[in-house]
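In what follows, a structure is listed as structure tokens, so that the remarks can point back to it.
The values are calculated or read from the model by the stated rules, or taken from the named source; none is laboratory data. These numbers were taken from a predicted model, which means no experiment stands behind them. Note: ideal-geometry Cβ built from the backbone for every residue, glycine included; neighbour counts use all protein chains shown. Ligands, DNA and RNA are excluded from the accessible area calculation, which covers all protein heavy atoms including side chains. Shrake-Rupley method; radii C 1.70, N 1.55, O 1.52, S 1.80 Å.
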Amino acid sequence: MDSTSDAPEAKLELRLDQAQESLRTFETRLRPFLWDSRKKAVKQHVLKRETASLVDLLDRFQEQPQLLDSHLQKFIPLLADAFLEYLRLPDHTHTNGLLYPLSQAICLLLYTLCKIRGEKVIVRFLTTETKHLELLMSALENGGQVLADSEDSTPAWSWEERYITLLWLSQLLLVPFDLASISSWDHDAASFPNITHLTWPHSTPGLTVRVVTLAIHYLVVPSKEKDAAKTLLVRVALRSDMQKIGLLDSLVTWAISAFYQKAVIMTDIHHSIGLLYFLAGMLVSSAGTNDMDKYLPQIFQLAQQIAPDSHEVFPIIYGNSVARKLSVKIFRAIAILDLRNDLDEVKSERLQSTVGCLLEYISDSQGPVRLAASKSLSMITLKLEPEMSSQVIDALLDKLSDGINWDTGKAKTLDLRNYQGYEFRDANDSLWHGLILTLSHLLYRRAVPAFNLAPVLAYLIAGLSFEKRDALGISKGYNVRDAACFGIWALARRYSTSEIKSVTVDGIFEAAFQTNLLTLSSFSEAPVVQGLAVELLISACLDPAGNIRRGSSAALQELIGRHPDMIVEAINLVRIVDYHAIALRTRAIQDVALHAAAESLIYGDALSAGLLGWRCVRDNSAVIRRSSALCLGLLINLKQSIPDGHCTCFTETVLALRHVLERLTKLPRREVNESHGLLLSAASIIGVIRLTGERIKMGFLNGAGSPVQHAITTILELVLPIFNQALADTEDRKPREMSGEGLSRLMISIIPILQADISMRWLKHYFSPAIGGGNAASPQISSKDSRIELIPGKGLPGDGDILLELSASSFWTTDCPTSPFAIMVPIQEAIERGIRPDSDIVALIGLLLNRFFPLKEDQTGTAVSDLAANYLFLLDKNEREATVLGWISEVEVNGNSGRIGDGRTLIRVLFAIFSITAPSPIYKSNSLSLQNKLLEVLQWRWVVSSDIETKTILLECLSSSTAIKSHSAGFFLWIQEGLDDYTNDSRGDIGNKVRIAALHALAAFNDSSIQEYGKSWQFILYPLFGRVLRLAAEKFDKVRQKAQKVLLHGYPVKKGELEIETMDPSSKQYFFDLLHITKHFFIPGHPQDRQWLVSLLEGYVLSMNTATEGVVQASRSALVKWCYLGSDYLDGIAFALMELLKQNLKNDRALVSVLEAISFLFDMRLLQESSYMKTLEPDPSDPTKEVPRWRRLFRIVQRAHFKSKNMEMLKAAVKVYGGLLDVQPEVSSKLTSMLLHPFKTIRNSVAEELYVRLDVGGGVDWMNAEKIDVERFQIDLANKLKRRALDVSKQSP
């Protein structure tokens, strides 16, 4: 078995190990997080960062919550005890922005556990000791009543704290004894809280009053604690002791009456939502009892009033989807309570009204409402009598039939047809989602009898292909397909094999299946099950939505697992259509679909038809259309076989091509995407035909009616009208990009067919005396071994078999290992003998090719360039030369036009044909002159190109062209200039595209130069090493990544201790090793030079200043580490930065970053210790004096920002001046003069620098300072400098 077959198990084992490690980490950190080990008490505050880290550990179990179960009994009691202990603390101090109160942190963790595992599971582990009731209620009352402006008030609780506390209280109220016995005090009637419409029973215990008050308060808030408050209130109301005192009656009456408070409902919709939550909870919790029976008419009447055409406030409530969902739950609960016993007239009428309302709600515009309605309707239908249940199902099916038109007029066959036996006619996607979801729930509950499964199955299969798009082209069928997956999964799970086998699908419903059931019956004894498997396979491999593919895969696995013997190659199919394998769409199409098709003919045909449907060739994504077309060709290829080396029939291929092209001719011109997909599909189908020399021989021996001859003739006849129509469509308008690509690919695909046609006609010409020029002697043909023994000396080239030379290869591309002359020479021989390719098709290709040159998209340009290269093979030498010269002239016209992007496709074309115009044995002189002209026009195009797009295309084409292998030195300047391109515009640094393309070309340049120049290649590329170093350290991630590869694979770097090859190019160690490379790079005969460091830092300083935060931190940290290695390292950096300052005085982009790097080293107290900067040198103003290099730095910075209006430049210069204060105190006069700078922001920067460095200048508004302020500052500064000088003199020996 292949070792990769264990990969899913290995991944699962790895995830389990990671989960166990996360749990151990959480357990280890939890107790120190809660308790202070020194004080033996709980902490009052914890870090937010640490809390978030623990929450993150728990969040990892979202997909596998069951792994937490064995640990909950340890975690939750520990958290609960700490929470209670915290509440007992005498005072709770305020927190700052970095800390949480411990109670909030604990509740965050508990809420995370509730979110992952469910609140019903979590509350079971909370203590139920009633002694905690008072503590929790008091804390909740205090935590919710906070005066924001009170400094000594208790900090307000978060919603997590209130939610967890309310849940805990609801658990504590499960005590089996009366609440009055544990109530610490009682209210008298006069002291009951005043809640509108709520009448308190006289004997209500004080504990109950407090609990109900809290629950009602939080029931109407717009946050999560509403759920816990509802649970608490329902639990109190349904207690038997509370019912005895009349609390249940009071609360239900209050909830119903509160709906008529128009003023409240109009201003706060959450008030009514909370009331609906309470009523729904009461009805659901009272299932199996008679507690709520007497309130059912009132609540039902209330729910009926929540409608758009009601009066008062009910239309406002209806406008909220949550309120509608709760209304559905109320209807369901009432119906289920009514169905416990026999139905009387009132209950029956109420039930009919409920079913009617739910049928309306299943078409709601909101998915959660539809989900609730469908689930409710299925639960009610399950409890109905069979006759009434059938009526509900029929009603659902009738609604579905209104949106679909079943097509039974065509007989389906097992061929490649995009046949769908139905079409959606004005189908509402929301309605269909609700209906399909309801049927799915009915199947899950086995509420659909087996004899009624046929129509349900038909609509589920139709739902699996449901697709509607709005005016913007956005898909609206996702929910329907998802519901259909659930329905088929439920069918496979709930119904036995015998029940499904007994289903008879006939009449109009048979049209739902992609493949004829009669055909499937020859493969499986249960054709319905097999048909379902086929539909799920199509959806799992081809559906646009990842969740649908996964859902279909899950349903298919369930279907095969429950009914394994009813499906062809069931086990292999389950292995192939794996849940994880189909996650990536392109992989599902190109890999999974192909492997599944190889298992059986029915799967291949179904997938082929699916590829031509809305899921693939009509998809909005061009990438998916290309993948689908490629897969279609490979599927067609699976149906071709060559037994015993003999020719096979091409009937399937020709039929598939005919079908695709017929659809294409009938397609409206506005359907650009589908047209593109069909053109690529046709090209892919033709591309899988391999007309080798042996097949050509057999076709010739079998005569004019041979399958090969028929296939060649038919294909050429089919494509000719397509080309003619394309020519007519582009007569007065520019062709579309997609059409250009599709047509180019189609024309490329017929190149081998044209070659085969030449071969067949040559054989006929050569061996038939009836045709002029034939030989009188008959050929000696041996049909036993399918060989044609050609008579020697009859003018054939050499002693080779020209048939194999013409037909053994497909179309040629620049990366093809086959020489273009291997194709060109035999075709030229045929043309010289008068056997030319089909003149009509060749002429159409030439005309269309010229019309595609103005197109600009990359994919189109690649296709057109491939077509142009292959088109030249079909021309004689004179036509070829004239054509190439015409293209060269067009490039010159585009270059002189000045329009950005003009001629991009033609540039690709010239590079594609470069090797075709090379010197050849037949056309040496002409080809040599043509290639020279190509080189000249390409070099000229580079020189005149001013736009980034054209330069990028030139370099990209160069890197993949044979030109860089045969003429490396001629393109050296391109690479050099490309590596230095830092063009900026409104989009930013767009020159990075050119730099990346130049690095790609350099990688190819390295490979070719080794072959062309041998050892001397190192000296050719030597000047580029510094540029590569610079790019390896610059701010753009993509540039660094590419330069990293070029650096290591293109230059002799001593890797030894360096691991840069495998490093993240954004890490600290990566930047540190880059600095090391300047000492490890070697060229024989060239000593190591500080110039490498200068080149490196030119890009390095950009990463230190303008990159992302992580890169800035990594690069700065690496530089500091490098400088600490020794004085030589620090001096090298100082030298390089000084050189960069001098080189970039007029380049603000680099200069600002260099100044920032210098100021950073000053801040790190590194540059002050540089012996290089301390070295004395002649003073330019007085050569008799020597001054340290600090003076030169000061003058260069002055020159850099002289009369500059660049704010970043000025601020960076001020920072450098601030650093120079430590070594050149006289710099203070320069800073002082800048205190009255015209830019007020710069004044502030200067004042801040002086205050931080010298502690002077405080207390002045320098934004509005005057000259007198500067004079006072100068006095203070002079005194400060004198004191500092005196202190230094005292410290010196």
Checked region 479-492 for anything within 17 Å of residue 535 (Cβ to Cβ) and open to solvent by 60 Å² or more (accessible area, probe 1.4 Å); matches are 482, 489
| message | When you check residue 453 against the structure, is it surrounded by 24 or more Cβ atoms within 10 Å (Cβ to Cβ) and within 20 Å of residue 492 (Cα to Cα), yes or no? | response | no
Restricting attention to region 551-589, the residues that are touching a Ser or Thr at 6+ places or on another chain (Cβ under 6 Å), of a type outside the set (Val, Ile, Thr) and crowded, with 19+ Cβ neighbours inside 10 Å number exactly 3
Filter region 1183-1238 for residues that are part of a strand (DSSP E or B) and open to solvent by 50 Å² or more (accessible area, probe 1.4 Å); the one that is farthest from residue 1133 (Cα to Cα) is 1184
For residue 548, are the conditions met, namely being surrounded by 17 or more Cβ atoms within 10 Å (Cβ to Cβ), under 23 Å from residue 746 (Cα atoms) and among the hydrophobic types (A, V, I, L, M, F, W, C)?
no
If we ask which residues in region 1145-1174 are open to solvent by 60 Å² or more (accessible area, probe 1.4 Å) and not in a helix (DSSP H, G or I), their number turns out to be 3
Of 858, 799, 815, the only residue that is more than 20 Å from residue 746 (Cα to Cα), open to solvent by 50 Å² or more (accessible area, probe 1.4 Å) and either at pLDDT below 90 or out of contact with any helix residue (DSSP H, G or I) (no Cβ under 7 Å at 6 or more places or on another chain) (or both) is 799
When (1) within 22 Å of residue 393 (Cα to Cα); (2) in contact with a Ser or Thr (Cβ under 7 Å, 6 or more places away or on another chain) are applied to residue 469, the one that fails is (1)
For helices (runs of 4 or more DSSP H) lying entirely in region 288-379, having 1 or more residues that are polar (S, T, N, Q) and touching a helix residue (DSSP H, G or I) at 6+ places or on another chain (Cβ under 6 Å) picks out 296-305, 321-338, 345-361
How many residues of region 88-113 are part of a helix (DSSP H, G or I) and either out of contact with any Leu (no Cβ under 9 Å at 6 or more places or on another chain) or open to solvent by less than 10 Å² (accessible area, probe 1.4 Å) (or both)? The answer is 11
Scanning region 838-879 for residues that are among the charged types (D, E, K, R) and without any contact (Cβ under 8 Å) to a residue 40 or more places away in the chain gives 858, 879
Output for Cβ contacts, cut-off 8 Å, separation at least six or different chains, first residue free of Cβ contacts under 8 Å to residues at least 24 places away in the same chain in region 1227-1253, second part of a helix (DSSP H, G or I) and of a type in the set (Asp, Glu), reads 1231/1249
Return yes or no: is residue 848 within 25 Å of residue 907 (Cα to Cα), open to solvent by less than 40 Å² (accessible area, probe 1.4 Å), among the hydrophobic types (A, V, I, L, M, F, W, C) and not in a helix (DSSP H, G or I)?
no
Query - Condition met for residue 87 (over 16 Å from residue 126 (Cβ atoms) and of a type outside the set (Ser, Thr, Tyr)) - result: no
Would you confirm, using the coordinates I've provided, whether residue 524 is of a type in the set (Ser, Thr, Tyr) and open to solvent by 30 Å² or more (accessible area, probe 1.4 Å)? no
Over region 938-990, the set of residues within 22 Å of residue 1150 (Cβ to Cβ), of a type outside the set (Val, Ile, Thr), crowded, with 20+ Cβ neighbours inside 10 Å and touching a residue at least 40 places away in the same chain (Cβ under 8 Å) is 951, 979
Against the definition (of a type in the set (A, V, I, L, M), modelled with pLDDT under 95 and under 21 Å from residue 497 (Cβ atoms)), how does residue 594 come out, yes or no? no
- Please indicate, with yes or no, whether at least one residue in region 37-45 is within 22 Å of residue 167 (Cα to Cα) and either surrounded by 17 or more Cβ atoms within 10 Å (Cβ to Cβ) or modelled with pLDDT of 90 or more (or both). no
Evaluate the following for residue 471: is it farther than 14 Å from residue 544 by Cβ, in contact with a Leu (Cβ under 9 Å, 6 or more places away or on another chain) and outside any helix (DSSP H, G or I)? no
On the basis of being over 45 Å from the mean Cα position of the chain (by Cα), at pLDDT below 90, surrounded by 13 or more Cβ atoms within 10 Å (Cβ to Cβ) and in a helix (DSSP H, G or I), does residue 872 make the cut? no
The residue that is least open to solvent (accessible area, probe 1.4 Å), considering only those in region 493-515 that are of a type in the set (Val, Ile, Thr) and in a helix (DSSP H, G or I), is 500
Taking region 503-549 and keeping residues of a type in the set (Asp, Glu) and at pLDDT 90 or above leaves 535, 543
Per the filter on region 56-70, residues in contact (Cβ under 8 Å) with a residue 40 or more places away in the chain and open to solvent by 30 Å² or more (accessible area, probe 1.4 Å) are 59, 60, 62, 64, 67, 69
Note on residue 756: of the conditions (1) small (Gly, Ala, Ser); (2) in contact (Cβ under 8 Å) with a residue 40 or more places away in the chain; (3) open to solvent by 10 Å² or more (accessible area, probe 1.4 Å), unmet is (3)
Of the residues in region 50-81, those that are more than 16 Å from residue 118 (Cα to Cα) and charged (D, E, K, R) number 4
Taking region 829-845 and the residues there that are among the charged types (D, E, K, R) and under 23 Å from residue 728 (Cα atoms), the one that is most open to solvent (accessible area, probe 1.4 Å) would be 840
